[in-house]
Every structure is written in C-alpha cells, then in structure tokens.
Amino acid sequence: MRVTFNVNGEDVSADNVWPGESLLYVLRERLGLPGSKNACEQGECGSCTVYFEGRTACSCMIAAGQAEGRQVRTVEGLAEGRGKGTDERPLGAVQEAFVEAGAVQCGFCTPGLLVQTDDLLERTVGARGQAPDDAEIREALAGNLCRCTGYEKIIDAVHLAAERRARAGSGA
C-alpha cells in the first residue's frame with residue numbers, strides 16, 4: 001500500500017508498505033530519516049519518540065497505515081529550518097543545550113529525549129511561561145531510558161534549554 005502523510009512540514013509518500021510495518025521503519029528505511037532509533041520495538045525505551053498529530057508517541061508502536069493523512073514531526077524536525085533535516089541545518093535550541101551540557105553520550109536515547117524535552121518545554125515555558133522543575137523533568141522523561149548516564153547531565157540540558165527558551169520568549 002501507499003502511505004501519504006506530512007513529516008516535518010513536508011508531504012511525503014511511501015510505497016509498498018505492508019500492513020504490519022511500523023511508522024518507525026517507514027521513517028528510517030523508506031524516507032531516509034534515521035534520527036529516531038530502533039531499540040526495543042515495544043514502546044518501552046522511548047528512543048523512537050516522535051510527535052504524532054502534535055502529541056509524543058513511540059513510532060515503533062504506530063502502524064504505518066495509521067499515519068495516512070496525519071502530521072509527524074521527528075527529531076530532524078527540531079533542527080532550525082525544520083524540513084527533512086540535513087547535516088547543513090543548524091541544531092535547534094534543545095539540541096544545542098544537550099550538546100553543551102554533555103548530555104549526549106552514545107546517542108541512542110538522545111532523539112527520544114530531545115523530542116520529549118521539546119514537548120515538555122512547549123507545555124511549560126511555552127504555555128505557562130515557567131520553566132519545569134526537576135520533578136516535572138523526571139516525570140516527562142520517565143519513558144526514555146538511557147544506559148550511559150545517571151540522567152544528571154540530561155536534566156542540566158533541559159534546564160539550559162528551558163532558560164534559553166524563556167529568554168527568547170521574553171525578548172531578552
């Protein structure tokens with residue numbers, strides 16, 4: 001079957017998709033968007049997290065056919081300029097904060113953490129004008145497993161990104 005949907009602001013189609021194929025597989029293998037990682041294939045680790053119709057979801061748990069006519073935003077869509085994402089696009093603010101805080105180690109969990117962090121900051125800094133506290137950060141990232149860190153640098157990165165987003169929103 002053919003699946004047509006919008007990814008990072010661009011209408012795309014994938015041909016010869018079989019009914020049980022996951023959205024994750026289509027994104028990575030058919031559309032060349034390798035940012036979302038294939039780790040557990042059971043929706044338990046968060047490495048494949050994307051925005052699906054504006055809400056975060058594990059793309060390994062979404063059948064590709066469910067994406068028909070829908071909006072998907074991947075980690076590549078967090079980069080400045082959005083679109084499919086290439087190495088030439090500057091990193092987005094959340095991505096930069098993770099790099100600067102040293103929150104990126106092996107990188108396998110990073111895409112999911114970036115998407116969840118972006119969502120958290122939209123709900124906190126963006127919606128209520130207030131940065132999340134440690135408890136909110138831990139709750140928001142609870143579904144994202146990282147085996148390399150103790151999460152402290154990840155939490156530092158979220159605080160850094162929140163601070164920058166708040167400053168940008170206030171015009172400072």
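Taking trypsin sites (Lys or Arg not before Pro) in DSSP loop conformation with at most 13 other Cβ atoms inside 10 Å as exposed sites, the chain has its longest uninterrupted site-free stretch at 3-146.
Of the heavy-atom accessible surface of the range 42-172 (probe 1.4 angstrom), what whole percent is carbon and sulfur? Before the final figure, lay out the partial values.
Details: 3150 of 6620 Å².
The computed percentage sits at 48.
Using 16 Å as the cut-off for backbone N distance, which residues of the range 141-172 belong to the label zone defined by a point 7 Å from the Cα of E96 along Cα→Cβ? 157-172, by backbone N distance to the label point.
When N counts the residues of the range 19-172, how does its alpha-carbon radius of gyration compare numerically with 2.2 N^0.38 Å, as a ratio? Don't skip to the answer; put the middle values down first.
Values: Rg = 15.0 Å, N = 154, 2.2 N^0.38 = 14.9 Å.
In units of the globular-protein estimate, the range 19-172 measures up at 1.00.
In percent, what relative contact order does the chain have, based on Cα pairs under 8 Å that are 6 or more apart in sequence? Numbers along the way, then the final one.
Values: 309 pairs, mean separation 37.3, N = 172.
That works out to 22 percent.
In the chain, a dipole from Cβ-located charges (positive for Lys and Arg, negative for Asp and Glu) runs towards its positive end, and of Q42, I137, G54 it is G54 whose Cα lies farthest in that direction.
Dipole size of the chain about its Cα centre, with +1 on Lys/Arg Cβ and -1 on Asp/Glu Cβ: approximately 140 debye, rounded to the nearest 20.
How much net charge surrounds G169 when only the other residues with a Cβ under 12 Å from the Cβ of G169 are counted, with Lys and Arg +1 and Asp and Glu -1? Show your work: numbers first, answer last.
Working: positive: R128, R164, R165, R167; negative: E122, E163.
That sum, taken over residues with Cβ under 12 Å, equals +2.
The values are calculated or read from the model by the stated rules, or taken from the named source; none is laboratory data. Please read these numbers as outputs of a predicted model, since none were measured by experiment. Glycine also receives a Cβ, built like all others from the backbone with ideal geometry; neighbour counts cover every protein chain displayed. Side chains are part of the model used for accessible areas, which takes the heavy atoms of the whole protein and leaves out ligands, DNA and RNA. Shrake-Rupley method; radii C 1.70, N 1.55, O 1.52, S 1.80 Å.
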